[in-house]
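Visitor: Handing you a structure now.
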Amino acid sequence: MHELPDCAPSGLIALFRLAEGVIQAQIELLGSGKPSAAPNLREMLGSHGIADPKDESTMIDNYNDHKVEVQQVISGIHRQDDGIVVRTAGVGDSVTNAYGAIETSVGELNTKIDASFAAVRTVTTRDGETHKELPRDVIDGLFNGVWDTLDTTYNQVHSVSDQAASAALNISSEQPTYAVSGGSAPPSYNAPGAGSTMPTSFNAMGSGSPISPRIPPNHSGTYDDHYTERVNATSGTRGHNRLSEAELRKHIGEALDALGITDPVARENWTRGYLVLIQRESGGDAGSINTWDSNAVAGRASQGLTQTIPTTFSDNHVKGTSSDITDPTANIAASMNYVMKKYDVSRDGSNLAHNVQQADPTRAPKGY
């Protein structure tokens, strides 16, 4: 979600942080095939003594009285990644439709957030001091809007969960990852009690397709530390810096230049996948800084177009690019280096969408 104006009440900002974390967790669980585990924010707040979280006086006007409880809820939101995938054809359209409804609802909320900046007004106090504030009707509109989005997300995710239960979906574990060793092929996967059946990966069209090994083609190679230079990541400038597709393509191209990836086909593979990944991670906002998840709570917030944490950026920094973590080119290049190292993505990018679900437009978003 987009960021609120700085002058928004702290309680409203806290609610949006909570909502963003819950919505992201629900979407990721939807993509992983475990929608029934999606968190319910109302229940989470209630369990910490905030009986009616939809009461403006609780979450906004009296926020300071509940700050500790809200922080406990924020800390309790965690992303579950069990490597579980849905194999049944019938659920594909349901997941796609659910994700579309969630995306529409979040888009409507972002429109309200963007409009709120124009409503900010300057108020002069009796002693002559001035400050910025949002009108109460705008605050109430945002408050109701975020709850509507939370309700839509929760209902959509659990609708898929109910359909999955009623259809007795066949759920199977993701195929293990195999390391490359002398170019040898991986052993075949044997599902328990199923002979040598290969598990299938979920795609948005609702059909299963065999999972191929996460091994880069021998001719293309993978991570090359020749391009890596450890740096101390700096924290970029926070704020809106939403880039156009043309600008994103430019920075992706510069990142590929820094990595020495010059083949046109390889560059197109990376560009296609990273336009999807960037949109899902940051919405194209180069100054985006995550403020709600476990990394943020631990003081290592995900940042920039590809939402890397400082240690990941530092470990995978590419020589010749900026040491600023939110610099678009440097951020993308470090992320590319990271996925080559961690997910065995080949330098030609041919298996990027397969190995990194967040870069695959045919599958639901999933953190990487």
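Values in this text are rule-based calculations from the coordinates and carry no lab data. As the structure is a prediction and not an experimental result, all values here were calculated from the model. A quick note on method: Cβ atoms are made from the backbone with ideal geometry, for glycine too, and the neighbour counts reach across all protein chains shown.
Visitor: Quick query: amide H of Thr228 versus all other amide H atoms, modeled in the peptide plane; which residues come in under 5 Å with a sequence gap of 5 or more or a different chain?
Guide: Residues meeting the criterion, in which the H sits 1.01 Å from N, are Lys319.
Visitor: Now for a different question. Counting other Cβ atoms within 10 Å, which trypsin sites (Lys or Arg not before Pro) in the range 315-356 have at most 14 and lie in a DSSP loop?
Guide: Details: sites: Lys319, Lys341, Lys342, Arg347; in loops: Lys319, Arg347.
Listed in order of number, the matching sites are Lys319.
Visitor: Also, quick follow-up: Residue by residue, what Karplus-based ³J(HN,Hα) values in Hz, rounded to whole numbers, does the range 139-151 have, using 6.51, -1.76 and 1.60 with θ = phi - 60° and x for Gly and Pro?
Guide: Couplings: 4, 5, x, 5, 4, 5, x, 5, 5, 4, 5, 4, 5 Hz.
Visitor: Using θ = phi - 60° and the Karplus curve 6.51 cos²θ - 1.76 cosθ + 1.60, what whole-Hz ³J(HN,Hα) does each residue of the range 314-321 get, with Gly and Pro shown as x?
Guide: With coefficients 6.51, -1.76 and 1.60, one gets 5, 5, 10, 4, 9, 3, x, 9 Hz.
Visitor: Quick one: which residues, 5+ away or cross-chain, put their amide H under 5 Å from the amide H of Thr308? H built at 1.01 Å from N.
Guide: Excluding prolines and chain starts, which carry no amide H, the hits are Gln303.
Visitor: Then there is this: Taking K and R as +1 and D and E as -1, what net charge do the other residues with C-beta under 12 Å from the C-beta of Ser322 add up to?
Guide: -3
Visitor: With charges set only on the Cβ (+1 for Lys and Arg, -1 for Asp and Glu), what does the dipole of the range 225-359 come to about its Cα centre, in debye to the nearest 20?
Guide: Values: 13 positive and 16 negative charges, 35 e Å.
So the dipole magnitude of the range 225-359 works out to roughly 160 debye.
Visitor: Here's a follow-up. Using 1/(1 + (r/R0)^6) with R0 = 22 angstrom and r between the beta carbons of Lys342 and Arg300, what's the FRET efficiency to the nearest 0.05?
Guide: Step by step, r from the Cβ atoms, then E = 0.85.
Visitor: Read phi for every residue in the range 14-19 and hand back ³J(HN,Hα) as whole Hz from Karplus 6.51 cos²θ - 1.76 cosθ + 1.60, θ = phi - 60°, with x for Gly and Pro.
Guide: 5, 4, 5, 4, 4, 4
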